Amino acid sequence: MHPRPPATEWLAAAVLYQIYPQSFADSDGDGIGDFAGIEARLDYLEWLGVNTVWFNPCFSSPFNDAGYDVADYLNVAPRYGTNEDLTRLTEAAGRRGIRVLLDLVAGHTSDQHPWFKASANDPSDQRFIWADSTEAPEGFVASPGSRPGFYQPNFFASQPALNFGHARMHPDEPWRVPVDADGPRTNRQALRDIMDHWLNLGLSGFRVDMAASLVKDDPGHAETAGLWRELRGWLDEKHPHAALLSEWGDPKHAVPAGFHADFFLQFGSRADGLPLRSLWNNWEGTVNEAWTPLEPYFGAKGEGTPRLFLDAWRETTEAVGDAGFISLPTANHDFSRLACGPRTAEQLPAAFVFQLTWPTLPAIYYGDEIGMRYVPGTPTREGSRLGPRYDRAGSRTPMQWDHSPNAGFSTASTDDLYLPLDPDPARPTVAAQRADEGSLLHLVRRLIALRKATRELGARSGTEVLHEGYPLVYVRGGRFLVVVNPRSGAAECTAPACAATAVEASGVEVDDGRIRASGFGFGIFTIEAT
Ligand code: GLC
């Protein structure tokens with residue numbers, strides 16, 4: 001076997017690509033994507049240049065939450081194929097230099113998981129959180145089994161929280177147990193067993209679902225962090241090549257808690273969710289009524305500001321240092337795609353130039369590289385709806401490969417597709433954009449190649465912001481000047497004293513001490529002091 005570099009090393013050069021397995025490519029005509037479908041598209045991923053993919057949960061499940069309700073952690077859902085198919089896909093990806101990460105749903109199972117079914121019938125079982133009271137504590141759900149009482153769900157009612165203990169005891173809740181009680185210890189061991197199982201089959205790590213949710217009533221997540229640090233210690237010993245990326249949404253806490261990287265995400269307080277929303281979220285697509293509306297910086301009106309994002313990024317970078325990475329996603333299966341609401345195709349190049357020249361671990365959500373739209377008004381599917389204006393299904397529609405029936409996603413009858421395709425007759429496709437060197441897809445491909453070939457544009461290289469506003473201007477590694485103007489109107493500012501040579505530019509000039517950017521313009525330049 002080839003020596004495998006440690007995760008800390010390969011992640012520095014990683015470009016992530018997220019595959020929602022239901023919707024990527026269907027090989028057997030049942031309307032739902034599968035492993036063989038993904039395998040058949042590996043040439044595309046290799047051509048695009050991404051080198052790490054992560055799959056949303058592909059395990060056996062009743063799919064009440066798109067697979068985030070796991071009924072068997074060690075076996076894949078038959079609709080995607082077999083464990084052998086996944087292993088074969090992983091090996092085929094590896095031959096193309098692509099690592100595969102799975103989704104570890106650590107905080108809860110499905111109510112159909114045998115662990116939960118046993119627990120619902122055995123009053124002494126501690127693997128889930130049971131209140132043996134006569135009335136349901138807030139948020140708890142009545143036992144479906146012979147055991148009396150109520151269990152605590154972690155997300156939907158059908159997702160009982162695994163018991164990793166409580167950080168504090170409480171006289172009104174005598175059922176709480178400490179983190180080192182038997183049930184929590186068994187669950188911690190189970191996480192190791194699950195990781196071991198998949199890592200031994202050639203997988204390269206995990207994206208960890210709701211990573212902050214494990215220990216309950218845990219001020220500052222101190223005990224949850226302790227649990228992950230312990231697991232990371234074990235991983236570093238046993239599988240040092242494997243990466244742990246968290247869905248925590250707060251890298252300055254997640255990285256010290258043992259994760260190699262954490263995502264900047266759409267949820268949370270000012271310290272986490274708002275900075276991402278202040279870049280992308282245009283209040284159509286997935287909207288949580290509790291969020292305070294604000295104009296995104298990447299908005300045609302030009303009424304946003306990059307400041308919220310930049311301040312949070314600086315603070316996070318200082319806290320994280322070289323201990324891990326901060327991942328900036330274009331979108332994911334839980335929130336709107338970049339192409340959403342009023343954001344048109346011509347606005348997308350600047351967003352990708354920004355993401356792929358930023359000091360981050362970039363994560364591209366499948367289809368964003370061709371500008372697939374958040375599709376409004378789709379039916380709700382597999383628990384996609386979270387609120388009156390929050391349906392995740394619009395971000396989960398089938399990949400648009402070509403102009404054949406069902407956009408080349410599946411040979412099933414159109415009515416049997418997992419979700420309907422974007423009905424727009426002008427919907428973008430991979431085939432059309434591959435044939436057009438001026439397309440978003442070709443730009444994204446060139447940006448990925450440039451990033452991988454250029455240390456100065458990577459996650460570890462310095463960033464000096466020269467102009468915060470329209471345009472946004474920064475220098476990477478002292479050698480690359482990047483300009484993006486996400487608004488429709490032109491914008492200009494002072495240029496540093498340098499000679500600038502365009503590497504990739506559209507509508508941006510650096511000349512006579514000025515940077516002039518037309519609407520939606522972008523540019524990457526090498527610079528030399530004059
Ligand atoms: C995470 C997943 C989301 C899922 C939830 C419950 O937030 O990203 O899709 O519904 O956890 O597992």
Pick out the one residue from Ala290, Ala312, Ala319 that is assigned to a helix (DSSP H, G or I), among the small types (Gly, Ala, Ser) and under 23 Å from Arg343 (Cβ atoms).
Ala312
For segment 488-506, name all the residues that are open to solvent by less than 40 Å² (accessible area, probe 1.4 Å) and part of a strand (DSSP E or B).
Ala491, Cys493, Cys498, Ala500, Glu504
I need a count of the residues in segment 322-331 that are within 14 Å of the ligand (Cβ to nearest atom) and open to solvent by 10 Å² or more (accessible area, probe 1.4 Å).
0
If you check Leu104, Leu48, which single one turns out to be open to solvent by less than 40 Å² (accessible area, probe 1.4 Å), within 16 Å of the ligand (Cβ to nearest atom) and touching a residue at least 40 places away in the same chain (Cβ under 8 Å)?
Leu104
If you check Pro184 against the conditions, is it away from the ligand (no atom under 16 Å from the Cβ), open to solvent by less than 10 Å² (accessible area, probe 1.4 Å) and touching a residue at least 24 places away in the same chain (Cβ under 8 Å)?
yes
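Considering each of Pro342, Pro329 in turn, give the residue that is in the same structural domain as Ser23 (by TED's automatic domain parsing), within 26 Å of Thr463 (Cα to Cα) and not hydrophobic (A, V, I, L, M, F, W, C).
Residue meeting the stated conditions: Pro329.
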If you go through His197, His241, the only one that is closer than 26 Å to Ala12 by Cβ and in contact (Cβ under 8 Å) with a residue 24 or more places away in the chain is His241
Quickly run through segment 107-138 and pick out the residues that are among the aliphatic types (A, V, I, L, M) and either in contact with a helix residue (DSSP H, G or I) (Cβ under 8 Å, 6 or more places away or on another chain) or open to solvent by less than 10 Å² (accessible area, probe 1.4 Å) (or both).
Ala120, Ile129, Ala131
Inside segment 387-418, the number of residues satisfying the requirement of being within 16 Å of the ligand (Cβ to nearest atom), buried (at least 22 other Cβ atoms within 10 Å of the Cβ) and either farther than 18 Å from Glu284 by Cα or hydroxyl-bearing (Ser, Thr, Tyr) (or both) is 3
Can you go through Gly462, Gly477, Gly458 and tell me which one is touching a helix residue (DSSP H, G or I) at 6+ places or on another chain (Cβ under 6 Å), small (Gly, Ala, Ser) and either open to solvent by 50 Å² or more (accessible area, probe 1.4 Å) or more than 27 Å from Glu295 (Cα to Cα) (or both)?
Gly477
Looking for something out of contact with any Asp or Glu (no Cβ under 9 Å at 6 or more places or on another chain) and open to solvent by less than 50 Å² (accessible area, probe 1.4 Å) - is there at least one such residue anywhere in segment 54-68?
no
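Can you say whether His241 is open to solvent by 10 Å² or more (accessible area, probe 1.4 Å), outside the structural domain of Asn154 (by TED's automatic domain parsing) and under 20 Å from Val320 (Cβ atoms), as far as the supplied structure shows?
no
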Filter result for the condition that a residue is away from the ligand (no atom under 15 Å from the Cβ), closer than 23 Å to Ala453 by Cβ and open to solvent by less than 10 Å² (accessible area, probe 1.4 Å), over Pro349, Pro362:
Pro362
Open to solvent by less than 10 Å² (accessible area, probe 1.4 Å) and touching a Ser or Thr at 6+ places or on another chain (Cβ under 6 Å): does that describe Ala261?
yes
Need the failing condition index for Ser158 against (1) crowded, with 18+ Cβ neighbours inside 10 Å; (2) part of a helix (DSSP H, G or I), just the number.
(2)
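Which of the residues spanning segment 139-173 are of a type outside the set (S, T, N, Q), touching a helix residue (DSSP H, G or I) at 6+ places or on another chain (Cβ under 6 Å) and more than 16 Å from the ligand (Cβ to nearest atom)?
Listed by number, the residues that qualify are Gly165, Ala167.
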Mind telling me which of the residues Arg229, Arg192, Arg207 ends up being basic (Lys, Arg) and in contact with a Pro (Cβ under 9 Å, 6 or more places away or on another chain)?
Arg229
Pairs please, first residue from segment 275-301 and within 16 Å of Asp311 (Cα to Cα) and open to solvent by 60 Å² or more (accessible area, probe 1.4 Å), second anywhere and modelled with pLDDT of 95 or more and of a type in the set (S, T, N, Q), Cβ atoms under 9 Å, 6+ apart in sequence or on different chains.
none
In segment 323-339, how many are touching a residue at least 60 places away in the same chain (Cβ under 8 Å) and either part of a strand (DSSP E or B) or in contact with a strand residue (DSSP E or B) (Cβ under 6 Å, 6 or more places away or on another chain) (or both)?
9
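A quick yes/no check of all residues on (1) among the β-branched types (Val, Ile, Thr); (2) more than 23 Å from the chain's Cα centre (by Cα); (3) closer than 30 Å to Ala181 by Cβ:
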| site | (1), (2), (3) |
| --- | --- |
| Ser23 | no, no, no |
| Ser27 | no, yes, no |
| Leu45 | no, no, no |
| Asn51 | no, no, no |
| Phe59 | no, no, yes |
| Ala77 | no, no, no |
| Arg99 | no, no, no |
| Phe116 | no, yes, yes |
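The values are calculated or read from the model by the stated rules, or taken from the named source; none is laboratory data. Predicted model only: the values in this text are computed from it and were never measured. All Cβ positions, even for glycine, are placed from backbone atoms using ideal geometry, and neighbour counts span all protein chains on display. These accessible areas exclude ligands, DNA and RNA; they are computed on the full protein's heavy atoms, side chains included. Shrake-Rupley method; radii C 1.70, N 1.55, O 1.52, S 1.80 Å.
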